[in-house]
Amino acid sequence: MAEETNLEIEETGNSKKKIIVIIAAVLLVIVAAVVGYFLLSGSDTPAETLNDEAATAQQASSSTGSSAKIGSALYVAMPRPFVFNIPGSSRDRIVQIKVELLVRGEANEETAKKHIPLIESTLLSIFSMSTADELSTSVGKENLRFAALEKVQASLMDVEGSKVIERVLFTGFVMQ
């Protein structure tokens, strides 16, 4: 009879160990989920995020010489994609480019929106001067993007007295 009593006590101890292990595993999963949530969602407060953006913008404007004022990054989408023909080595190609403009601050956003026809005209003239051989490489696309930025900034400088646009971004690029 003493042996039977010992067996019952041991079984009770094992079930307590199992319960403790299960509770510990559940707590570990919960802690991991909470830590993962904070890491993935970004635990910066809005003030810290704005300070980081301002510091990044200041470094970018000082290193690139851009005269866009420091502020929140805003994107101005061109109302329609640019579709144009370009000569290729074997045949002419049709290119479609979707463009968005990076500006800093609401004042620059409004200025860019006001001058969309001027910006579209400038971009189309730059795009149509390229060739299919140039645009078939990533270097050629980057060169086109930089040339577009320079020409748009120059045309806005003539009209507004400031560059307004910080970057020209290609959000879609198709060549057939």
request  = Hey, could you check region 139-152 for residues that are in contact (Cβ under 8 Å) with a residue 24 or more places away in the chain and open to solvent by less than 80 Å² (accessible area, probe 1.4 Å) and say which is nearest to VAL103 (Cα to Cα)?
outcome  = VAL152
Of residues in region 81-108 being in contact with a helix residue (DSSP H, G or I) (Cβ under 9 Å, 6 or more places away or on another chain) and under 23 Å from LYS163 (Cα atoms), the one surrounded by the fewest Cβ atoms within 10 Å (Cβ to Cβ) = PHE82
task = Filter region 116-135 down to residues that are of a type in the set (Gly, Ala, Ser), part of a helix (DSSP H, G or I) and open to solvent by less than 20 Å² (accessible area, probe 1.4 Å), then give me how many there are.
result = 1
request  = Can you work out which of the residues in region 153-176 that are of a type in the set (D, E, K, R) and open to solvent by 80 Å² or more (accessible area, probe 1.4 Å) is farthest from VAL76 (Cα to Cα)?
outcome  = ASP158
request  = Could you list all residues from region 1-37 that are modelled with pLDDT under 70, open to solvent by 80 Å² or more (accessible area, probe 1.4 Å) and not polar (S, T, N, Q)?
outcome  = MET1, GLU3, GLU4, LEU7, GLU8, ILE9, GLU10, GLU11
ask   = Can you tell me how many residues in region 81-117 are of a type in the set (D, E, K, R) and more than 15 Å from VAL168 (Cα to Cα)?
value = 6
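The values are calculated or read from the model by the stated rules, or taken from the named source; none is laboratory data. Since we're looking at a predicted model, the values are computed, not measured. We place every Cβ from the backbone using ideal geometry, glycine too, and count neighbours over all the protein chains shown. We work out accessible area using only protein heavy atoms, side chains counted, and drop any ligands, DNA or RNA first. Shrake-Rupley method; radii C 1.70, N 1.55, O 1.52, S 1.80 Å.
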